[in-house]
Amino acid sequence: MTNHWIDLKNSDVILAIGCNPAENHPVSFKWIEKALDSGAKLIAVDPRYTRTASKSDIYAQIRPGTDIAFLGGLMNYALQNNLIHEEYVREYTNATFIVSEQFDFQDGMFCAFDDQEKTYDLKSWAYATTGDGKPKRDMGMKDPKCVYQLMKNHYKRYDVDTVCAITGTKKEDYLKVAKAYCGTGRADKAGTILYAMGITQSTHGSQNVRAVALLQMLLGNIGIAGGGVNALRGESNVQGSTDYGLLFHILPGYLKSPEFDNVDLKAYNEKWTPKTKDPKSANWWGNTPKYITSLLKAWYGENATKENDFCYDYLPKRSGNYSYVKIMEKMGKGELEGLVCMGMNPAVGGPDSGKAREALGKLKWLVTADLWETESSIFWKRPGVDPKKIQTEVFMLPAASSIEKEGSISNSGRWTQWRYAAVHPLGDSRSDLHIIDEFCKRVKALYAKEGGAFPEPITKLSWNYGTGHEPDVHMVAKEINGYFTKDMTIVDKDKTLEFKAGDQVPMFKYLQDDGSTVSGCWIYCGSYTKDGNQMARRDASDPTGLGLFPKWSWCWPVNRRIIYNRASVNPAGEPFNPKRPVIAWDALEKKWKGDVPDGPWPPMKDDKEGKYPFIMLPEGHGRLYALDMKDGPFPEHYEPVESPAKNLLSKVQSNPVVKVPKNVSSDTTKFPYVGTTYRVTEHWQAGAMTRSLPWLVELVPDMFVELSETLAKQKGIVQGDKVKVTTERGSIEAVALVTSRLKPFNVQGKMVEQVGMPWHFGYAGLAKGDSGNVLTPTVGCANTGIPEFKAFLCNIEKGGKGA
Ligand SMILES: Nc1nc2c(c(=O)[nH]1)N[C@H]1C(S)=C(S)[C@@H](COP(=O)(O)OP(=O)(O)OC[C@H]3O[C@@H](n4cnc5c(=O)[nH]c(N)nc54)[C@H](O)[C@@H]3O)O[C@H]1N2
Ligand SMILES: Nc1nc2c(c(=O)[nH]1)N[C@H]1C(S)=C(S)[C@@H](COP(=O)(O)OP(=O)(O)OC[C@H]3O[C@@H](n4cnc5c(=O)[nH]c(N)nc54)[C@H](O)[C@@H]3O)O[C@H]1N2
Ligand SMILES: [Mo]
């Protein structure tokens, strides 16, 4: 989230699109209700009439996978009806930037596409530059090649009738949404967009998120109280896990993981340190060398020296895609020997789970660290297989649950809160930290004894978290924050600061690229300082009244509660909305008041020291037009890979950059219905956590599928019937739930039915049932690889699998 949970109370209009907070983030709903109590409007955009929809002022039904059309239409509405926040757009976004002559868009395709490789040449989308290397701009936004005009032209095609023919939304509902939401383009109104899996789980998921950001920028809604682009993060601490680099393409703190041709630290820094010629751009990623060096010092300690490139050689280099889908593909081909699954259940959670279960059987060994026996740990005795034919050796490590261990946890609003163990771990179960610590120590000892092809990345690791039975979680947290490795004097403006070797670094602006600082995750620098563990703070004072609670826990970066907050003020530093100021420039004291500003510099208007507000981009301006998305600078509507409809906007049916596997089918005679998967309050994820608890099992005991009254009638299905649902991947059996919450979509004049289902079931635990993911396709987003779980084609028949 750019903002945070409590900030929802400051919104005038809340647009929940592709998320169902009432069921999946129930605590957040308290803040939505607070906003509603103060007169805010809630809009729910969802294929199903959900519990969130039931509390909304406006509900708009949308066909799965068509959010770019929906959001693009809203952008068009705002642009055509002069509802944008013009000053914000002109000053803070790249609307005024002029794009290179080469850029072009024709009938669904951007320029420079390689049909063989299915990739675009991203360089063809660059900005046009002036003689001194700065981007060319037209502050009047009239130049036909400026981003504003290109954008206006692009979304002109997204008129209300076309949009509704694509999304299946009723025109009157769509117009209500457009009017209410685009009304937040005024300086004194705040609109927030909440999104989650209905937006991301798509072959154009990242472009869906971009569309959300574009609309928010046009309306001047980023950086302000009650605004923002707000992803409702899923599992507790999923925010923390991405912050710490759990994904293959990033290291802790969103540093890029090295690519194969980043041959040494110099080459890495060259590639990943953006440059700018504009003195008004803070270009914060310009600090990359400091953060990567401090990270290497955290990992390799005294072994990391300037002479040996701080052990950069020990980092793995990537030359392809190592996302979940690719790992499973490799596993299926027998190319992986072993797999460690810590708190993960791929036999149920991943797409095409029939294939995933087979793939697990190709492993020599599998380790699961979990609270429960899961479908993954007993995949070898799943229904329909002969355990004797599966050779995989499975080790189950009992893990301690969240309430049995101490440590930090980061919520969607980037607040990192310290928690204490409430009870001792049950039986022989151990914390994940303990398990990893043991793994590491033992593997290190093995490499030290036996050597190997390249043992140094392991043997040279600096690994010391105390001598107790449990590793010391405070030592880990202090290392993440970072400390000085030698005595230092730092001059910061008018202050001279003295630090001793071993002192905690107070904030990331003091991190260095010469080995004199250690920091395990630069964005968390400031979380554990000489003043102690900031994450454990519990002071409930709220001086601004906006719910920022600056002394409650700690939030990255530098305890800034609303990021990009310099965009909440005009170029002179005055809040756009004086009633809800996040920050304001005090010209007498020459400093910002309110939230921690996005950098200490004076307002942008200041000729000498002023800076643009979007400090993480080299050009300092929010990108209405992106330079680095694999599938285009503007989000463009494409159909999901399996779709009942032809793309109405161009001849390009689905995302051209996505490679499509064999086992997908858009044969609507075989698979006439749109299938979609989602969560229910009573169950959690792949189900290990809830299908073993008798109380929850009693509430929702069976795998079910939901269908409309019209489809039920057509198929002769009644409530409680056994039904069989089939896709190109496989079939499942479930109990029918006939409901008026699901309605067919009007797709270009033809009614298309939907079949909805949870994905929480499997063959382990107390409540057993077929898994929704037997049906879903292994095809993912062009930029992230997240699978298209929300839109596929299926058939439904009365009777179980035997039918
Ligand atoms: N009780 C409970 N709570 C949970 C979880 C759980 O399993 N159980 N899981 C947690 C996790 S890890 C996550 S990631 C979050 C996910 O939270 P959400 O994203 O809210 O979860 P979903 O129910 O998967 O999807 C949200 C909504 O998107 C709708 N949808 C489907 N396709 C589309 C589409 O194309 N466009 C739009 N606009 N909407 C669409 C679905 O009908 C659904 O109502 O929930 C977290 N909270
Ligand atoms: N069809 C479909 N599939 C989906 C989705 C969807 O919307 N539709 N959503 C996707 C999403 S958003 C997600 S996040 C994934 C989730 O997929 P998974 O992560 O595979 O599913 P979980 O059930 O959350 O698995 C977490 C496991 O961790 C264990 N666990 C809990 N606490 C701890 C702990 O402290 N330590 C350890 N070691 N283990 C612990 C639990 O018992 C559980 O078995 O599924 C994805 N799959
Ligand atoms: Mo998730």
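Throughout, read-outs are computed from the coordinates displayed, never taken from laboratory work. Treat the numbers as computed from the prediction; the structure is a model and nothing was measured. Backbone-built Cβ (ideal geometry, glycine too); neighbour counts: all protein chains shown.
Below, the figures for the structure above:
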| quantity | calculated |
| --- | --- |
| Rounded to the nearest 20 debye, dipole of the chain from Cβ charges on Lys, Arg, Asp, Glu | 1000 debye |
| Total charge dipole magnitude, the range 1-157, about the Cα centre, Cβ charges on Lys, Arg, Asp, Glu only, Debye to nearest 20 | 380 debye |
| Listed pairs LYS290/LYS478; LYS330/LYS444; LYS145/LYS271; LYS156/LYS646; LYS381/LYS768 exceeding 22 Å between Cα atoms | LYS330/LYS444; LYS145/LYS271 |
| ASP261-GLU698 FRET efficiency (beta carbon distance; Förster radius 51 Å; 0.05 resolution) | 0.35 |
| Point-to-point label distance, LYS134-ALA112, nm (Cα→Cβ direction, 7 Å offset) | 2.4 nm |
| Listed pairs LYS670/LYS715; LYS9/LYS189; LYS306/LYS530 exceeding 18 Å between Cα atoms | LYS306/LYS530 |
| Computed E for GLU86/VAL652 - FRET, C-beta separation, R0 41 angstrom, nearest 0.05 | 0.80 |
| Extension gain, ARG741 back to LEU175 (0.36 nm per residue minus Cα-Cα distance, nm) | 201.6 nm |
| Positive-end extreme of charge dipole, the range 638-739 - chosen from VAL700, SER666, GLY687 (charges on Cβ) | SER666 |
| Relative packing of peptides 224-231, 545-552, 210-217 - highest average C-beta neighbours within 10 Å first | 224-231, 210-217, 545-552 |
| Separation in nanometres of the label points that stand 7 Å from Cα toward Cβ, at ASP487 and GLN417 | 4.3 nm |
| Volume per residue that the Cα convex hull of the range 569-613 spans, once the total is divided by residue count, Å³ | 67 Å³ |
| Computed P(r) (all Cα pairs; the range 673-798; 5 Å bins; percent) | 2, 11, 20, 22, 20, 14, 7, 3, 1, 0 |
| Rotationally averaged projected area of the range 739-780 (alpha carbon convex hull; nm²) | 4.9 nm² |
| The range 218-287: GluC sites (Glu not before Pro) falling in loop per DSSP and having at most 15 other Cβ within 10 Å | GLU235 |
| When the range 324-459 is reduced to its Cα atoms, the Kirkwood hydrodynamic radius in Å | 17.0 Å |
| Value of Rg to Rh for the range 44-164 (Rh from inverse mean 1/r over Cα pairs, i.e. Kirkwood) | 1.06 |
| Relative pair counts by distance (%), Cα atoms of the range 265-410, 5 Å bins | 2, 8, 13, 13, 11, 10, 13, 12, 8, 5, 3, 1, 0, 0 |
| Value at 222 nm in deg cm²/dmol, rounded to 500, when DSSP H runs of n ≥ 4 in the chain each add -39,500 (n - 2.57) | -6500 deg cm²/dmol |
| Calculated FRET efficiency for the pair VAL443/PHE105, C-beta based, R₀ 56 Å, to 0.05 | 0.65 |
| Candidate aspartates and glutamates - alpha carbon under 18 Å from LYS713, same-chain residues fewer than 8 apart omitted | ASP721, GLU753, GLU797 |
| Protection proxy ranking of 758-769, 421-432 - average other beta-carbon atoms within 10 Å, highest first | 758-769, 421-432 |
| Distance between modelled label sites at ALA453 and ILE409, nm, 7 Å Cα→Cβ extension | 4.0 nm |
| Only Lys, Arg (+1) and Asp, Glu (-1) charged, at Cβ; the range 589-727 dipole about Cα centre in debye | 340 debye |
| Listed residue (ALA369, ALA536, GLY72) projecting farthest to the positive dipole end of the chain, Cβ model | GLY72 |
| Close Lys-Lys pairs in the range 569-613, where close means Cα under 19 Å and separation is 8 or more or interchain | 9 |
| Global geometry of the range 183-242, whether rounded, prolate or oblate, following the gyration tensor of its Cα atoms and the 1.5 cut on a/c | oblate |
| 20 Å binning of all Cα-Cα separations within the chain, expressed as whole percents from 0 upward | 15, 48, 34, 3, 0 |
